[in-house]
Amino acid sequence: MKLTHQTAVATLIQFIALSLFGIANGLNSIVTTCHNNGTDCISNLIVSLIFFMLTVGWFACVWILGYTAQERRSKLLAKVLIAVECMILIVAVFNARHHTDTLSLVTSLTDMALALWVISLAFRLMRSKGKRVVTRQRTRKRRPQTK
């Protein structure tokens, strides 16, 4: 299956990947805090859990938006998806520039790559104007007419 125009699949991949990275980053933060400073362990656990739930909720909404844009072939929803992914890209660039460890850097770089991918797919969907998205135009050879 080619993923050249499927914003639903791309945003699902983004949702799954960043949810898994969110779990890894949250656990890393909790373990580091509990190991270094035991008094902040519970408060960091609560904050990490809330942050994880907000992140998963956000990317679930983006996934629903990507699915809806693809199914309806909506130019407006594709534009909204591009705007949302641009916001995600800005946050990912900021996080990559101010990373605290290798895991957060990898998470930010993955987030940036997936956001750029979804933006390109949504742009193609937007340009299709509600029609079927194809990779290239096919030219039909005319058959000679017999008289």
Please identify the pairs in which a residue from region 82-100 that is part of a helix (DSSP H, G or I) has its Cβ atom under 7 Å from the Cβ atom of a residue that is among the aliphatic types (A, V, I, L, M) and open to solvent by 60 Å² or more (accessible area, probe 1.4 Å), counting only partners at least 6 apart or on another chain. Leu89/Leu116; Ala96/Leu109
Search result, residues across region 34-50 that are without any contact (Cβ under 8 Å) to a residue 12 or more places away in the chain and either open to solvent by less than 100 Å² (accessible area, probe 1.4 Å) or of a type outside the set (Ser, Thr, Tyr) (or both): Cys34, His35, Asn36, Asn37, Gly38, Asp40, Cys41, Ile42, Ser43, Ile46, Val47, Ile50
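If a residue must be free of Cβ contacts under 8 Å to residues at least 12 places away in the same chain and touching a Ser or Thr at 6+ places or on another chain (Cβ under 9 Å), how many such residues does region 65-81 contain? Even if it seems obvious, please write down each step before you answer.
In the first step, residues of region 65-81 are kept if they are free of Cβ contacts under 8 Å to residues at least 12 places away in the same chain; the result is 68, 72, 76.
Now narrow it down to the ones that are touching a Ser or Thr at 6+ places or on another chain (Cβ under 9 Å): 68.
Count: 1.
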Restricting region 72-81 to residues that are part of a helix (DSSP H, G or I) and either open to solvent by less than 60 Å² (accessible area, probe 1.4 Å) or touching a helix residue (DSSP H, G or I) at 6+ places or on another chain (Cβ under 7 Å) (or both), the one nearest to Gly26 (Cα to Cα) turns out to be Leu81
Can you name the number of the only condition in (1) surrounded by fewer than 16 Cβ atoms within 10 Å (Cβ to Cβ); (2) at pLDDT 95 or above that Phe15 fails? (1)
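Which count do you get for residues in region 91-118 that are open to solvent by less than 30 Å² (accessible area, probe 1.4 Å) and either farther than 18 Å from Trp58 by Cβ or not hydroxyl-bearing (Ser, Thr, Tyr) (or both)?
Adding up the residues that qualify gives 6.
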Checking the condition open to solvent by less than 40 Å² (accessible area, probe 1.4 Å) and more than 17 Å from the chain's Cα centre (by Cα), which residue from Ile30, Ile88 passes? Ile30
Residue check: is Trp58 part of a helix (DSSP H, G or I), out of contact with any helix residue (DSSP H, G or I) (no Cβ under 7 Å at 6 or more places or on another chain) and under 29 Å from Arg127 (Cα atoms)? yes
For Met53, state whether it is open to solvent by 80 Å² or more (accessible area, probe 1.4 Å), in a helix (DSSP H, G or I) and either small (Gly, Ala, Ser) or at pLDDT 95 or above (or both). yes
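The values are calculated or read from the model by the stated rules, or taken from the named source; none is laboratory data. This is a predicted model, so every value here is computed, not measured. Every residue, glycine among them, receives a Cβ derived from its backbone with ideal geometry; neighbour counts consider all protein chains shown. Ligands, DNA and RNA are stripped out before the accessible areas are found, and what is left, the full protein with its side chains, is counted by its heavy atoms. Shrake-Rupley method; radii C 1.70, N 1.55, O 1.52, S 1.80 Å.
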